[in-house]
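The values are calculated or read from the model by the stated rules, or taken from the named source; none is laboratory data. Small disclaimer: the values here were computed from a predicted structure and weren't measured. In this analysis, Cβ positions are derived from the backbone assuming ideal geometry, glycine residues included, and neighbour counts consider all displayed protein chains.
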Amino acid sequence: MIRPARRADVPAIYRLIEDLARYERALPEVTGTEQDLTAALFGPEPAVFAHVAENDGQVAGFALWYLSFSTWQGKHGIYLEDLYVEPALRGRGYGRRMVAELAALCLERGYGRLEWSVLDWNSPALGFYAALGATPMEEWTVHRLTGPALRAVAAGHGADTHPD
C-alpha cells in the first residue's frame, strides 16, 4: 500500500533516511533530527511532504517531495528529494508505485513535471529510473551553496568572479 505519511511514520522514515545516507556514503551529512522532520512534514505550514510504502503494516520505503515551479511552463511540479525502499524489500514494486503515485498527483493537480536527482555512480537507481522512461538532464549541472559559502554570499562577501 502507498499512502501519505503520518506523524507516527516519522521514526521509520528517519531510519530510512539514515540508511539512504549510509548507502550514498554521506551519513555524517545527516544533521537533521526526527523532530526536524516532524516539524517539516507536520508543522503549521508544511512545505515538504512524504508518501510511504507499507509491507505487512510496516513502513518499507518512502518518497519525500516538495513543490517546484517551472517558469517556462508556468506550472508547479514535484521535486522528489528522496526515494528509498529497504534493500530486503526491493523488487516488489514499492518504488515504482510510489513514483506512480506522485506522477498521478502531478496529473490530478495540473503540475507540469516530476523530477529528481540521482548520483552518477548509483547504477541500480539509474537503471530503475530509465526503466520508468525518465530522461536524464545531462545538460544541467546541480549547484549548491552550504555552510561557509552560504553564509558568505548571504553577507555579501561571496567570491565574485562574474559581474551581474
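Key figures
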quantity: When residues of the range 131-140 are limited to those that are within 14 Å of residue 120 (Cβ to Cβ) and of a type outside the set (A, V, I, L, M, F, W, C), the one surrounded by the most Cβ atoms within 10 Å (Cβ to Cβ); calculated: 136
quantity: Pairs, first within 21 Å of residue 118 (Cβ to Cβ) in the range 2-20, second modelled with pLDDT of 95 or more and among the hydroxyl-bearing types (Ser, Thr, Tyr), C-beta under 8 Å, six or more apart; calculated: 2/94; 16/84; 17/84; 19/84; 20/84
quantity: Elements of type helices (runs of 4 or more DSSP H) contained in the range 62-164, each with 2 or more residues being touching a residue at least 60 places away in the same chain (Cβ under 8 Å); calculated: 94-109
quantity: Answer from 27, 41 - the residue that is surrounded by fewer than 18 Cβ atoms within 10 Å (Cβ to Cβ) and either among the hydrophobic types (A, V, I, L, M, F, W, C) or closer than 26 Å to residue 131 by Cα (or both); calculated: 27
quantity: Evaluation of residue 156 against (1) within 17 Å of the chain's Cα centre (by Cα); (2) at positive phi (one fails), failing number; calculated: (1)
quantity: Verdict on residue 59 being of a type in the set (Val, Ile, Thr), farther than 27 Å from residue 146 by Cβ and surrounded by 12 or more Cβ atoms within 10 Å (Cβ to Cβ); calculated: yes
quantity: Which listed residue, of 157, 51, 143, is surrounded by 12 or more Cβ atoms within 10 Å (Cβ to Cβ) and not charged (D, E, K, R); calculated: 51
quantity: Single residue of the range 1-53 satisfying the filter (of a type in the set (Asp, Glu) and not in a helix (DSSP H, G or I)) that is farthest from residue 80 (Cα to Cα); calculated: 45
